[in-house]
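The values are calculated or read from the model by the stated rules, or taken from the named source; none is laboratory data. Owing to the predicted nature of the structure, the values given are computational and were not obtained by experimental measurement. All Cβ positions, even for glycine, are placed from backbone atoms using ideal geometry, and neighbour counts span all protein chains on display.
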Amino acid sequence: MSAAPVPQDPAARSGRTRPAAPPLDLGALIADPDTRIVVCCGAGGVGKTTTSAALALAAAEAGRSVVVLTIDPARRLAQSLGLTELDNEPRRVEVPGAEGELHAMMLDMKRTFDDIVVAHSTPERSQQILDNPFYQTLSSSFSGTQEYMAMEKLGQLRASEQWDLIIVDTPPSRSALDFLDAPNRMSRFLDGTMIRLLMAPSRTGFKFASAGFLLFSRIVSKILGGQLLRDISAFVAALDTMFGGFRERATATYELLRRPGTWFVVVASPEPDALREASYFVDRLSADDMPLAGLVVNRTHPPATAALSATRAAAAAEAVLEAGGPDADLAAAALRVHAERMTLAAREQHLADRFTSAHPEVAVRTVPAAAGDVHDLDGLRTMAAELTGDDADTPTGTPRTRILPARRG
């Protein structure tokens with residue numbers, strides 16, 4: 001099935017060329033000892049996990065001591081790194097010949113939340129919290145908990161000073177902005193009006209509770225059920241002493257992301273929705289004064305050569321079939337495949353150019369789609385070479401900032 005035709009770009013009709021994106025030098029970024037945290041973010045399904053693992057492998061081979069934190073529950077990262085499984089503690093990955101070290105871990109958000117409760121409360125109080133049914137629901141399925149716990153774990157890893165580079169694969173959220181919003185969302189939840197109302201009996205005692213609160217309590221009890229309301233109230237009362245700690249850590253982790261030595265790498269596929277999400281994220285990073293390294297356009301489809309256009313290849317296929325010959329069908333099929341590849345590449349370049357027109361200051365790196373799933377160190381190494389290779393060192397000579405060569409004006 002042929003790829004859909006690409007609408008002609010107004011810039012091309014007018015003879016103007018799109019602005020060229022600056023090159024994204026990820027090799028220099030991960031080799032720089034001043035780089036301490038790299039956060040890979042973007043929409044779901046664009047290859048953030050594989051990108052994170054490939055960058056971590058490249059950094060270890062460049063001599064860095066690296067830990068990669070993934071939130072991908074599919075366990076593809078463990079398989080590609082040659083591990084049977086990953087858990088909430090970093091595990092050493094054997095990388096033959098590497099000058100540095102590579103560790104990997106997969107976030108267990110409930111275990112991370114449990115560890116926070118135990119670390120910041122007395123044994124008796126922490127057990128009350130851990131045993132509370134509402135807490136058990138909150139720690140495993142509350143919206144935003146996964147993103148918040150990823151931030152908590154990042155703060156823990158950075159505070160340990162055990163690794164000189166931390167690479168974070170952000171959660172597969174509906175919106176890439178959820179990762180940045182998570183700390184403030186959790187803090188707002190814990191400091192919200194309803195939580196404070198639910199905490200009122202534990203602070204003043206029901207004996208002195210106002211008539212208004214008792215009416216509120218009866219209404220909520222009817223809606224939620226008496227037992228759930230009691231569970232929530234008991235949870236809030238037990239967690240009261242930890243509220244300040246949650247807010248402080250939320251603020252500290254957020255500031256950690258703005259500190260020199262942290263870089264965000266936005267990952268997208270050459271699809272409208274993914275690049276739209278990337279554009280929103282770039283705008284948010286700029287608004288929050290957070291350091292953006294650039295955009296990785298992953299899973300592109302560059303042709304083997306750009307010297308033969310899609311139109312000429314399709315016409316040549318027809319001419320070959322008309323001329324006939326023993327290998328005419330094979331030659332025509334190859335030409336048609338090239339025409340389809342050129343059409344697809346032109347569509348992808350058009351989308352990338354639209355992003356660059358909106359964000360001309362954002363550095364870009366394109367990465368070709370792998371022939372199959374990346375499932376071992378060799379596959380990660382191949383992707384790492386695409387991510388960190390010299391901008392002009394490609395088989396066709398097309399810079400890695402692009403999928404097709406730029407049109408001449």
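Table for the structure above
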quantity	calculated
Unique match (being modelled with pLDDT of 95 or more and within 16 Å of Gly379 (Cα to Cα)) among Leu55, Leu83	Leu55
Single condition Leu190 does not satisfy, out of (1) modelled with pLDDT of 70 or more; (2) over 20 Å from Arg284 (Cα atoms); (3) surrounded by fewer than 21 Cβ atoms within 10 Å (Cβ to Cβ)	(1)
Meets criteria (part of a strand (DSSP E or B), within 22 Å of Ala369 (Cα to Cα) and either of a type in the set (A, V, I, L, M, F, W, C) or free of Cβ contacts under 8 Å to residues at least 40 places away in the same chain (or both)) for Val66	no
Among (1) within 20 Å of Val39 (Cα to Cα); (2) part of a helix (DSSP H, G or I); (3) of a type outside the set (Val, Ile, Thr), the one test that Met105 misses	(2)
Some residue of the stretch 251-270 being of a type in the set (Gly, Ala, Ser) and part of a helix (DSSP H, G or I)	yes
Selection count where residues are without any contact (Cβ under 8 Å) to a residue 24 or more places away in the chain and farther than 30 Å from Asp391 by Cβ, scope the stretch 285-334	19
Residue selected from the stretch 44-62 under the condition touching a strand residue (DSSP E or B) at 6+ places or on another chain (Cβ under 7 Å) and among the aliphatic types (A, V, I, L, M), by the criterion farthest from Glu271 (Cα to Cα)	Ala60
Answer residue from the stretch 335-380, given it is in contact (Cβ under 8 Å) with a residue 40 or more places away in the chain and among the β-branched types (Val, Ile, Thr) and is nearest to Glu85 (Cα to Cα) among those	Val374
Evaluation of Val364 against (1) hydrophobic (A, V, I, L, M, F, W, C); (2) more than 23 Å from the chain's Cα centre (by Cα); (3) at pLDDT 95 or above (one fails), failing number	(2)
Matching helices (runs of 4 or more DSSP H) fully within the stretch 285-402 where at least 1 residues are surrounded by 18 or more Cβ atoms within 10 Å (Cβ to Cβ) and not hydrophobic (A, V, I, L, M, F, W, C)	328-358, 377-388
The stretch 376-395, residues that are of a type in the set (S, T, N, Q) and closer than 12 Å to Thr366 by Cβ	Thr394
Yes/no for Thr388 being touching a helix residue (DSSP H, G or I) at 6+ places or on another chain (Cβ under 6 Å), of a type in the set (Ser, Thr, Tyr) and within 26 Å of Ala278 (Cβ to Cβ)	yes
Among residues of the stretch 118-170, those that are among the basic types (Lys, Arg) and out of contact with any Ser or Thr (no Cβ under 8 Å at 6 or more places or on another chain), counted	1
Output for the stretch 345-402, where each listed residue is among the aliphatic types (A, V, I, L, M) and within 15 Å of Asp25 (Cβ to Cβ)	Val362, Ala363, Val364, Val367, Ala384, Ala385, Leu387, Ala392
Residue under evaluation Thr396, criteria (1) within 30 Å of Gly82 (Cα to Cα); (2) polar (S, T, N, Q); (3) modelled with pLDDT under 95, criterion not met	(1)
Filter pass, Ala21 being surrounded by 23 or more Cβ atoms within 10 Å (Cβ to Cβ), aliphatic (A, V, I, L, M), touching a Leu at 6+ places or on another chain (Cβ under 9 Å) and assigned to a loop (DSSP other than H, G, I, E, B)	yes
